[in-house]
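Just so you know, all these numbers are worked out from the coordinates, no wet-lab data involved. Because the structure is a prediction, the values reported are computed rather than measured.
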Amino acid sequence: METITKYASIGLAALLAIAIIYISILSNQRDSALDKLDKANKNIEQLQQANLNLAGSIDLLESQAQQNRVYITELEAKRTETEKQATKLVQEFKIKKHENQTINNWASKPLPSGLY
């Protein structure tokens, strides 16, 4: 009976040692998995922050593009108005050229050679 108890004690000690080793391996695997999870969470946070920064940049670029469109529209309106004024002034000049002899004489003179 004493040998059976001895073998049972040795068997239980061996099982306990195997269980401790297995638990240690599981603990190491768990710690490794938690480290990987922490790194993945940090990467996700960095990507989210980068995404927010990009979204802010995109919003800024869109607002600048809208400002540019408004500015271009204003410039087009000014250009159109300037063209109308220039056409009106050319017509007035042509009328005055025919009506006023001094302007007609001045307009009929050839340009100096260095100007054309």
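Pick from Glu92, Glu45, Glu76 the residue whose mean-square fluctuation is largest in a GNM of the chain, springs joining Cα atoms under 10 Å.
In the Gaussian network model the winner is Glu92.
Per residue of the stretch 84-101, what does 6.51 cos²θ - 1.76 cosθ + 1.60 with θ = phi - 60° give for ³J(HN,Hα)? Whole Hz please, x for Gly and Pro, Karplus curve as stated.
Ordered by residue, 3J(HN,Hα) equals 4, 5, 5, 4, 5, 5, 5, 5, 4, 5, 4, 5, 5, 4, 7, 7, 9, 5 Hz.
With mean projected area of the Cα convex hull in nm² as the read-out, I listed (1) 16.0; (2) 7.0; (3) 11.2; which label goes with the value calculated from this structure?
(1)
Who wins for biggest fluctuation among Gln48, Gln66, Gln101 in a Gaussian network model of the chain, springs between alpha carbons below 10 Å?
In this elastic network of the chain, the residue with the biggest mean-square fluctuation among Gln48, Gln66, Gln101 is Gln101.
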